[in-house]
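The values are calculated or read from the model by the stated rules, or taken from the named source; none is laboratory data. As the structure is a computational prediction, the values presented were derived from the model and not from experiment. Please note: Cβ atoms are built from the backbone with ideal geometry, for glycine as well, and neighbour counts cover all protein chains shown.
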Amino acid sequence: METRYFKTLLKVIETGSFSRAAEALYITQSAASQRVKLLEEKLGHQLFDRSGQQLVPTEAGLIVAEKAKSLLQKERELLDALKDIDGSKRLSLCCTPTFGTAYLPDVLNRFILKNADTEDLKFVFSQPDQAVQGVLNRECDIAIIEHCDARDMTGLHTVSLPPDELVIISSRDSGLPLTLKVEELLQHRLYARRDGCSSKKLLEKNLAGQGESIESFEKVVISDDLRLTIETVKAGGGVSFISNKVVEPYAGELTQHYVEGFTHKRCRTIAVKKERADDPLLLSFIACVEEMFAGDHVDSTLKCA
């Protein structure tokens, strides 16, 4: 049986629902439900109590989950051992959609030019928490995240990068002033990322500091497709709080705004397992990332490391 079924089971237990597990795994809700159903049919036991609002593992579900953790750990150890035997160069990256959209193509070009003999290069877009957990679980070698709060990096070697600046964007013809009051901002439809994204967390913190919340907007639309969000805002569909680097290619087509009293910067960090901090391939990739930010400075006043 493929280990993805066990990974799905553990994610459902962690999140308490098929929909949230599906979001975390970047699969459909029906796929997450089907994987668990297949496990139940294969093992002959119901693994979740579905009677309440939240899915709760049954006694059988807890037993399977415990064994699944051991099995997945063995799989990771096996893959690591095979890497050591053949000596081939492989690299897997977990990064946020913002970094992937704005920087990853250039970073990959730099890295491949320096490491043409790399046989396997994989990357996946993840929310910050998932990316960090992916490194800790050895599901990926390196994570690059944006974040606006202090986080537990125990067991990880981290490299601070220059911060990411976020702006409110509106259509070119919106007529909004470049510096907004929060009352003016709230009169518009907001296109926001789902829970777990640091841009949404930072927006929520900014609003809370002025006695408001996401619900104070005229309307809120959740969209994880950055390009779709930008195109919708361009067409006059509302506003969004987004990295100015992501909207750089749309100069002249969008208006960028700052909000009085808002913090517009968030931290950006690279994370790898401590025991792999001296891995030549990882060091090469990190160097390629740092080259991208040459001339920029890490903001030591941002307290979110």
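Brief remarks follow.
- Segments classed as strands (runs of 3 or more DSSP E), wholly inside segment 56-167, with at least 1 members that are in contact (Cβ under 8 Å) with a residue 40 or more places away in the chain, among the β-branched types (Val, Ile, Thr) and over 30 Å from Val259 (Cα atoms): 120-125, 142-147
- The single condition among (1) crowded, with 16+ Cβ neighbours inside 10 Å; (2) at pLDDT below 90; (3) basic (Lys, Arg) that Arg110 does not satisfy is (2).
- Among the candidates Glu40, Glu75, residue that is touching a helix residue (DSSP H, G or I) at 6+ places or on another chain (Cβ under 7 Å), farther than 30 Å from Ser243 by Cβ, surrounded by 13 or more Cβ atoms within 10 Å (Cβ to Cβ) and among the charged types (D, E, K, R): Glu75
- For Asp141, the criteria (1) under 27 Å from His264 (Cα atoms); (2) crowded, with 17+ Cβ neighbours inside 10 Å hold in every case but one, which is (1).
- Residue count, segment 197-250 (criterion: closer than 22 Å to Phe99 by Cβ, among the aromatic types (Phe, Trp, Tyr) and over 17 Å from the mean Cα position of the chain (by Cα)): 1
- Any chance Leu78 is modelled with pLDDT of 90 or more and not assigned by TED's automatic domain parsing to the domain that holds Leu91: no
- The residues of segment 157-177 that are among the charged types (D, E, K, R) and crowded, with 16+ Cβ neighbours inside 10 Å amount to a single one, Asp164.
- The set of residues in segment 35-55 that are assigned to a loop (DSSP other than H, G, I, E, B) and touching a residue at least 12 places away in the same chain (Cβ under 8 Å) comprises His45, Gln46, Leu47, Gln54, Leu55.
- Here Ile242 qualifies as within 15 Å of Glu165 (Cα to Cα) and either hydroxyl-bearing (Ser, Thr, Tyr) or in the same structural domain as Glu183 (by TED's automatic domain parsing) (or both).
- Against the numbered list (1) outside the structural domain of Thr179 (by TED's automatic domain parsing); (2) assigned to a loop (DSSP other than H, G, I, E, B); (3) in contact (Cβ under 8 Å) with a residue 24 or more places away in the chain, Leu281 comes up short only at (2).
- Qualifying residue in segment 13-25 (condition: in contact with a strand residue (DSSP E or B) (Cβ under 6 Å, 6 or more places away or on another chain) and among the aliphatic types (A, V, I, L, M)): yes
- Glu66 vs. criteria at pLDDT below 90 and under 19 Å from Glu139 (Cα atoms): no
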